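Visitor: Starting off with a structure, shown below.
The values are calculated or read from the model by the stated rules, or taken from the named source; none is laboratory data. As the structure is a computational prediction, the values presented were derived from the model and not from experiment. Every residue, glycine as well, gets a Cβ built from its backbone with ideal geometry; the counts of neighbours run over all protein chains shown.
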């Protein structure tokens, strides 16, 4: 079993290994986009490449941030931020991806503002990963329900999809490094998305869980974080 330091160093190494080919891909795409005779289809391909490259770069930045925090090189940021405001930004930036599959994201928030202390960037990355997971494993023309609620001194964000669902034995290891759920046709990437969600939640003193009634019944991911003192005193 690797030590925490070894695990943190491994995350940093993976991030740097991701960035090297990513830089080549983006630079090549930018050169191709300079062609004045490029067709609309080629321009659209360029936009797709750059959008996905930005997402991969965000993941690499998250890996490096978590690694440095775990190694004690950086403290975790402790800025107060409005959770629902950041969540709304994430959903809006992802909405076009759901619309391509004729999917709808339905957001339900409490009437009062909820403030969390921590890193806005890391929180948004966790939510991006949860939404991408719902997008990946849900059928076209389905719904994703995002619900924010307060339970005692913590705020809970639920992301519930209408996708393939999980067997009980799949839920136990789903947040481990390199683990991917689903059939082979849906498997892509490094299997790090949900692992990062767990790490980000724990760095903030929170956690994440998943429940499913079985195959074809969808999944309900619940991310919880402590509410900041300012919210508790309000």
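Visitor: Would you check if residue 166 is not in a loop (DSSP other than H, G, I, E, B) and not assigned by TED's automatic domain parsing to the domain that holds residue 61? Give the steps one after another, and end with the answer.
Guide: On the way: not in a loop (DSSP other than H, G, I, E, B): no; not assigned by TED's automatic domain parsing to the domain that holds residue 61: yes.
The answer is no for residue 166.
Visitor: Among the numbered criteria (1) more than 27 Å from residue 217 (Cα to Cα); (2) part of a strand (DSSP E or B), which one does residue 76 miss?
Guide: Here residue 76 meets the rest and fails (2).
Visitor: Go through the residues of region 117-130 one by one and say whether even a single one is assigned to a strand (DSSP E or B), modelled with pLDDT under 95 and either more than 25 Å from residue 175 (Cβ to Cβ) or under 19 Å from the mean Cα position of the chain (by Cα) (or both). Reasoning before the result, please.
Guide: Here is the first cut: in region 117-130, the ones assigned to a strand (DSSP E or B) are 117-118.
Going one step further and asking which of them are modelled with pLDDT under 95, we end up with 117-118.
Of the ones still in play, those that are also either more than 25 Å from residue 175 (Cβ to Cβ) or under 19 Å from the mean Cα position of the chain (by Cα) (or both) are 117-118.
Checking region 117-130: at least one residue is assigned to a strand (DSSP E or B), modelled with pLDDT under 95 and either more than 25 Å from residue 175 (Cβ to Cβ) or under 19 Å from the mean Cα position of the chain (by Cα) (or both).
Visitor: If you check 93, 149, 65, which single one turns out to be over 21 Å from residue 165 (Cβ atoms) and not assigned by TED's automatic domain parsing to the domain that holds residue 195? It would help to see each step written out before you state the result.
Guide: Values: 93 fails: not assigned by TED's automatic domain parsing to the domain that holds residue 195; 149 fails: not assigned by TED's automatic domain parsing to the domain that holds residue 195.
Going through 93, 149, 65 in turn, just one is over 21 Å from residue 165 (Cβ atoms) and not assigned by TED's automatic domain parsing to the domain that holds residue 195: 65.
Visitor: Filtering region 96-109 down to residues that are out of contact with any strand residue (DSSP E or B) (no Cβ under 6 Å at 6 or more places or on another chain) and outside any helix (DSSP H, G or I), which residue is surrounded by the fewest Cβ atoms within 10 Å (Cβ to Cβ)? Can you show your working first?
Guide: Quick first cut of region 96-109, residues out of contact with any strand residue (DSSP E or B) (no Cβ under 6 Å at 6 or more places or on another chain) only: 96-97, 99-103.
Filter once more, so that each one left must be outside any helix (DSSP H, G or I): 101-103.
Numbers: 101: 14, 102: 10, 103: 20.
Per the criteria, the residue is 102.
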